[in-house]
Structure formats: structure tokens, C-alpha cells
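This report concerns only the one structure given below.
The values are calculated or read from the model by the stated rules, or taken from the named source; none is laboratory data. Computed from a prediction, not measured in an experiment: that's the story for all the values here. Ideal geometry is used to build each Cβ from the backbone, glycine not excepted, and the neighbour counts take in all protein chains shown.
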Amino acid sequence: MQTGLQKYETLFVLKPTLNEDENKALIERIKNVINEEGKVEDVEEWGIKRLAYKIQNKYREGYYVLINFEAAKPCLDSLNHVFRITEDVIRDIITRRV
């Protein structure tokens with residue numbers, strides 16, 4: 001592992017109304033953001049799962065994606081920015097792996 005890189009994972013939920021191509025395009029966009037300043041280790045597409053509660057007062061399901069990656073702080077800032085401006089991402093979280 002390079003100096004300054006930490007191990008992280010991000011779990012994000014896409015709108016269930018997207019088709020397969022739209023899902024793939026968004027996942028690729030997120031991977032590209034990570035690969036600019038870090039390295040994607042693994043991508044797991046969990047598919048459509050029921051949410052614990054309604055999100056945005058209309059979504060009861062979402063398309064879950066988990067990405068394990070290595071990155072430095074600037075990459076996390078970029079990733080958070082992309083999550084915030086992408087309206088098809090309805091929930092996201094980034095956590096440090098130990």
C-alpha cells in the first residue's frame with residue numbers, strides 16, 4: 001500500500017427506477033472518481049433490496065452497490081461531491097476499513 005492511502009468502503013443506493021445500463025454507467029462513474037486518486041479493489045452489486053423506510057417520500061426499494069477501495073483524503077472529498085450532485089444516488093456512506 002502506498003503512503004497516505006487508507007482502505008475504505010462505500011455503500012451507496014441508487015434509485016430502483018433506473019435500468020441496467022443506467023446502473024452500470026453510474027457505477028462506472030463512481031469507480032472512475034476513485035481511480036483518479038486511489039484504487040478500486042472490489043465491486044459488489046447487491047441488486048434491489050427493500051429499504052427500512054421510505055426515502056424521499058417515495059422509494060421503498062433501492063439498488064445497493066458496495067465498493068472496497070484504497071484512497072487518500074482528497075479522493076473522499078471528490079467522491080462525496082459526486083454523491084451529492086448525482087440525483088440518482090438516494091443514500092451513500094463511506095467508512096474506513098481496519
* To do: Give the residues of the range 40-86 that are under 18 Å from residue 28 (Cβ atoms), touching a residue at least 40 places away in the same chain (Cβ under 8 Å) and not hydrophobic (A, V, I, L, M, F, W, C), sorted by residue number.
  => 63, 64, 68, 78, 86
* Kindly list the number of the only condition in (1) assigned to a loop (DSSP other than H, G, I, E, B); (2) under 11 Å from the mean Cα position of the chain (by Cα) that fails for residue 57. => (2)
* **Test: residue in the range 22-29 that is within 14 Å of residue 97 (Cβ to Cβ) and in contact (Cβ under 8 Å) with a residue 40 or more places away in the chain** => no
* Pull up the range 33-83, narrow it to residues that are farther than 16 Å from residue 14 by Cβ and among the polar types (S, T, N, Q), then point me to the one that is modelled with the lowest pLDDT. => 57
* State the number of residues belonging to the range 1-33 that are in a helix (DSSP H, G or I), of a type in the set (A, V, I, L, M) and more than 10 Å from the chain's Cα centre (by Cα). => 2
* When the range 32-72 is examined, which residues are found to be among the aromatic types (Phe, Trp, Tyr) and surrounded by 12 or more Cβ atoms within 10 Å (Cβ to Cβ)? -> 46, 59, 63, 64, 69
